[in-house]
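Below is one structure, written out as structure tokens; comments come after it.
The values are calculated or read from the model by the stated rules, or taken from the named source; none is laboratory data. In this text, all values refer to a predicted model and were calculated from it rather than measured experimentally. Cβ placement follows ideal geometry from the backbone for every residue including glycine, while neighbour counts extend to all protein chains displayed. Ligands, DNA and RNA are stripped out before the accessible areas are found, and what is left, the full protein with its side chains, is counted by its heavy atoms. Shrake-Rupley method; radii C 1.70, N 1.55, O 1.52, S 1.80 Å.
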Amino acid sequence: KNRLILPPCPTESDDNFGLKLVRVSGVYSTASKGGGRPTTNRIEAEKIADRLRELAVKRPEFSVGIVTFSKSQADMVTEVLEYRRRQDDVLDQFLQEDKNENVFVKNIENVQGDERDIILISVGYGPHEANGRLVSMSFGPINSEGGERRLNVLFSRSRIACEVFTSFDPGDIDVSRTSKEGPVVLKKFLEYAKTGVLPQTFMSEGEADSEFEVDVADVIRSFGYEVDHRVGTAGFKIDLGVKDPKNPEHHILAVE
């Protein structure tokens with residue numbers, strides 16, 4: 001009912017944090033189309049494996065979880081990773097189950113309760129040829145009654161970053177061809193992941209709320225720091241956000 005209050009995020013504009021969409025030239029196979037194992041998207045699974053290997057090298061301090069929209073796609077991702085790790089010591093070490101939070105591969109129906117720093121999502125469903133048209137508006141459990149609740153659970157699994165791998169553009173989802181809420185929510189989510197723009201969100205006005213706030217901001221600026229006024233969205237604003245001199249996309253201090 002639009003009563004969710006979101007605290008401002010200090011890393012809102014940093015590409016290493018938050019949500020992003022990764023478009024791949026994947027192919028979703030069925031029994032008669034696509035040429036691969038039915039109900040899987042191997043190309044998307046391979047891209048997930050590529051990204052996991054990259055994270056193992058560049059961000060090894062962060063835990064990772066992989067979530068797919070179907071059990072068959074989870075099996076495909078697991079198979080690709082098991083094959084890759086036999087030939088890659090870096091990936092093999094990253095997949096060792098000796099950490100506080102090991103890498104997991106789960107489908108959307110059994111990921112509830114799991115959290116990781118970084119979540120990689122494989123939608124799996126898509127066109128039957130690379131860069132082709134999305135013909136079906138079926139996304140497995142998302143189309144079932146209450147499918148939007150499964151998505152709500154999925155969206156909140158990551159602490160630091162979430163990367164969504166899809167083989168189609170969000171605009172390809174035609175919500176007029178489905179009566180369920182799940183695909184509608186999915187389309188909005190994918191569009192937000194792609195653009196970073198969330199419709200009907202009340203952004204910071206950027207103006208001081210009082211003369212006192214102006215005075216405090218002026219003093220902070222005199223110390224050599226940039227300051228933003230009224231930082232936040234969705235019902236909760238911080239009076240002042242002090243920017244990091246080394247990275248203007250970060251706030252390092254909130255002042256109430």
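What is the one condition in (1) under 23 Å from Leu4 (Cβ atoms); (2) crowded, with 22+ Cβ neighbours inside 10 Å that Asp114 does not satisfy?
The failed condition is (2).
Which numbered condition trips up Ser167, out of (1) in contact with an Asp or Glu (Cβ under 9 Å, 6 or more places away or on another chain); (2) under 19 Å from Ala31 (Cα atoms); (3) open to solvent by 10 Å² or more (accessible area, probe 1.4 Å)?
Only one criterion is unmet by Ser167, namely (3).
Which condition number does Val216 fail, the rest of (1) in contact (Cβ under 8 Å) with a residue 24 or more places away in the chain; (2) within 17 Å of the chain's Cα centre (by Cα) being met?
The single condition Val216 does not satisfy is (2).
Could you list, in sequence order, the residues of segment 109-131 that are in contact (Cβ under 8 Å) with a residue 60 or more places away in the chain and assigned to a loop (DSSP other than H, G, I, E, B)?
Within segment 109-131, Val123, Gly124, Tyr125, Gly126, Pro127, His128, Glu129, Ala130, Asn131 meet the criteria.
Can you give me the number of residues within segment 170-194 that are over 23 Å from Ala130 (Cβ atoms) and open to solvent by 10 Å² or more (accessible area, probe 1.4 Å)?
Count: 11.
Quickly run through segment 219-256 and pick out the residues that are closer than 29 Å to Leu4 by Cα, more than 25 Å from the chain's Cα centre (by Cα), charged (D, E, K, R) and open to solvent by 70 Å² or more (accessible area, probe 1.4 Å).
Passing the criteria: only Glu256.
Tell me which residues, restricted to segment 32-49, are open to solvent by 70 Å² or more (accessible area, probe 1.4 Å), without any contact (Cβ under 8 Å) to a residue 12 or more places away in the chain and not polar (S, T, N, Q).
Gly35, the sole residue that qualifies.
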